[in-house]
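All remarks here apply to the structure that follows.
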Amino acid sequence: MKAPPPLRAAWAGKRRKLPSPTALPATARMMPSLPVHLSRASPPTASSSDGPACWGCVLYGSQHPTGLRRPRQGRCGGPETRLDMAGLSVMLSTEESRMADRFASVWARGLAVALALALGGAGRAKPTIPEESIPPDAKPEVRRYLEQLYSRDPVTRAYAAVHLGRMGDPAEPALPFLVAMLGDDVKLEWEVKEADPTNPLEEAKKRILGFYKEKETSPGREAARALSKLCTAAREDLLAAVKDPAAPVRRHAAEALGGIRDRKATEPLTLLLKDPDKDVRAQAARALGRLRDPAAVEALIAAMKDSERDVRREVAAALGEIKDPRALDVLLAALTDTVDVRTVAEAALLETRDLRAVEPLIVYLRHRKEEVRRISARLLGAIGDPRALKPLVQALKDQASDVRFEAASALRRMSAEDFGEDPQKWQRWQELETAARTIEESIAGDRVHAYIGALQRADWAARAYAAKALGLLGDRRGATALRGALWDKDVTVRRNAAVSLGALGDPQAVEPLIASLSDAEPEVQEAAEDALRRITGANHGRDTRKWQEWWDEHKRAVFARDREKAGEEASADPSEQAPGSDGPAPRGSGTLAWLLIAALIAVLPATVFITLRLLRPR
């Protein structure tokens with residue numbers, strides 16, 4: 001094959017009109033609204049013989065000389081020709097044209113679309129079915145789009161595939177033609193974010209933006225998407241296409257099978273996980289994720305050993321979609337992989353929140369990689385298992401600030417408390433939680449007696465939890481033990497005891513609480529002050545002298561009010577009301593009745609004996 005002519009390019013400094021419009025390539029004539037100029041300089045610029053792609057560059061550059069930079073010398077259509085122009089990089093090759101879009105201004109966006117149209121001649125349509133095979137009896141609209149599948153312009157071919165997919169059942173005659181398009185892998189890459197209404201290529205940009213939301217596509221990929229929308233009618237053709245010798249055909253067929261979501265495609269797709277082409281393997285994993293068939297899990301687990309990180313990333317994502325417990329180990333191992341793989345693995349583990357992951361994640365909190373430790377802390381917080389509390393508290397001492405932040409966030413999420421990143425406060429909270437679980441698991445009988453007993457334990461956390469629990473129960477049988485706990489050596493125990501005494505409302509706790517206003521810890525003083533207000537209804541702040549004077553004067557009234565309140569509560573208690581009565585029964589009336597019956601039984605024999613003696617005839 002004869003090599004194409006070299007690309008000769010220089011500054012577009014001198015311009016003159018072409019002698020005849022017929023000298024323009026076909027793709028350049030597609031844009032009649034552009035003034036026809038040709039740049040001439042020394043050395044000469046590209047000519048029409050260099051191909052439509054090069055011509056399109058020079059054509060647009062001649063109108064915007066400030067935008068055209070000196071391209072690197074190469075061959076137009078060669079395997080590695082790159083032109084760099086004001087933020088736009090264009091790659092030309094024998095089979096495809098790649099555009100890496102780095103727009104810097106509005107005119108550069110127009111240039112991208114101009115090149116997209118001009119570069120259409122660089123990629124050939126590759127349907128494996130002759131154009132003459134188009135059914136003559138097909139609907140006019142279907143026939144029109146089928147004919148466009150044979151266009152030399154890749155944008156037109158992709159445009160036609162998109163429309164055929166949207167037509168649904170009427171497009172069924174297009175199935176074999178769309179399958180024949182699966183190998184059309186001409187890359188189309190662009191992203192137009194803004195539009196210039198004065199640009200003559202505005203209509204072309206609207207046409208592109210109407211159908212492509214991703215930066216990269218191809219006619220073959222759009223054909224695959226169209227086939228996925230045509231559902232089961234295309235299944236057999238696609239199952240055959242996954243065995244095609246051309247990698248683009250296999251890749252696009254896998255994508256279409258994933259879109260159909262027919263689990264009959266699971267087996268052929270799992271075979272593609274061993275395809276020699278990495279893009280085919282990645283697309284097969286993505287399709288299996290969409291199928292969500294547990295039958296593919298074992299093959300996907302094996303594919304996590306793939307040498308290509310892009311494949312491993314797609315496999316991890318697929319396992320996250322399927323949510324099968326068998327994938328736990330490989331997803332945990334993927335947390336130590338490259339950044340993109342472990343990010344996907346983290347998302348997959350968040351979907352499952354498997355409790356079996358807790359112990360391995362605790363181990364990962366000590367991993368040498370900071371990112372692994374950070375992700376592990378976040379996952380443990382999301383799972384919310386109590387086993388992670390102590391390791392997360394220890395992670396607050398990590399050297400990396402991001403790890404400490406995630407550990408604190410996890411603890412806040414699990415506890416509804418917020419101690420920032422203070423490891424000492426979190427440590428005490430964690431010990432309290434552990435003591436609470438231990439006490440609750442050991443209670444078999446009366447809870448009040450169990451908590452009173454816990455107040456005598458050596459463990460400060462057990463005493464603190466018991467002091468808090470007695471107040472929550474609302475049973476005054478624990479008041480005596482709580483009054484003694486006001487002098488505990490631990491500040492948390494003293495504070496919880498004061499709070500609980502206030503909740504119980506026992507007047508006998510007033511004098512001990514007044515003494516607690518002089519506690520060395522402000523939090524104990526605050527709890528005692530609040531408890532005094534709740535019991536007495538008075539408010540003298542933390543002034544012990546005023547509280548004592550007030551109490552000496554109002555002690556009798558407070559106790560009387562408490563007795564009155566207790567009596568009202570007892571009379572309103574339905575458990576002490578006689579069955580079937582309209583009002584409350586007197587306290588102790590049941591006991592009195594039994595005593596009277598017992599007395600009658602005791603005196604009955606003596607009464608009978610005396611009566612008989614009196615009635616005996618003399």
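Kindly check whether there is at least one residue in the stretch 157-167 that is in a helix (DSSP H, G or I) and exposed (fewer than 14 other Cβ atoms within 10 Å of the Cβ). Yes: the stretch 157-167 contains one or more residues that are in a helix (DSSP H, G or I) and exposed (fewer than 14 other Cβ atoms within 10 Å of the Cβ). Annotation: Arg404 fulfils all but one of (1) at pLDDT below 90; (2) surrounded by fewer than 22 Cβ atoms within 10 Å (Cβ to Cβ); (3) out of contact with any Gly (no Cβ under 6 Å at 6 or more places or on another chain); the unmet one is (1).
Report, ordered by the first and then the second residue, all pairs with beta carbons closer than 6 Å, sequence separation of six or more or different chains, a first member in the stretch 428-448 that is free of Cβ contacts under 8 Å to residues at least 24 places away in the same chain, and a second member that is in a helix (DSSP H, G or I) and surrounded by 12 or more Cβ atoms within 10 Å (Cβ to Cβ). Within 6 Å, the pairs are Ile443/Ala450.
Per the listing Leu271, Leu350, Leu291, Leu355, the residue uniquely of a type in the set (A, V, I, L, M) and under 17 Å from the mean Cα position of the chain (by Cα) is Leu350. Among the hydroxyl-bearing types (Ser, Thr, Tyr) and either at pLDDT below 90 or in contact with a Ser or Thr (Cβ under 9 Å, 6 or more places away or on another chain) (or both) - does that describe any residue in the stretch 415-437? Within the stretch 415-437 (the criterion being among the hydroxyl-bearing types (Ser, Thr, Tyr) and either at pLDDT below 90 or in contact with a Ser or Thr (Cβ under 9 Å, 6 or more places away or on another chain) (or both)), the answer is yes, since at least one residue qualifies. Within the option set Ala296, Ala247, Ala316, Ala303, being under 30 Å from Gly168 (Cα atoms), in contact (Cβ under 8 Å) with a residue 24 or more places away in the chain and surrounded by 22 or more Cβ atoms within 10 Å (Cβ to Cβ) holds for one residue only, Ala296. Checked against (1) in a loop (DSSP other than H, G, I, E, B); (2) over 24 Å from Trp429 (Cβ atoms); (3) among the small types (Gly, Ala, Ser), Gly484 passes all but a single condition, namely (1). Ala416 satisfies every condition listed in (1) free of Cβ contacts under 8 Å to residues at least 24 places away in the same chain; (2) at negative phi; (3) surrounded by fewer than 18 Cβ atoms within 10 Å (Cβ to Cβ) except (2). The number of residues in the stretch 508-559 being among the small types (Gly, Ala, Ser), in a helix (DSSP H, G or I) and modelled with pLDDT of 90 or more comes to 6.
The values are calculated or read from the model by the stated rules, or taken from the named source; none is laboratory data. It should be emphasised that the depicted structure is a prediction, and the values quoted were computed from it without experimental measurement. Cβ coordinates were reconstructed from backbone atoms using ideal geometry, including for glycine residues, and neighbour counts include every protein chain displayed.
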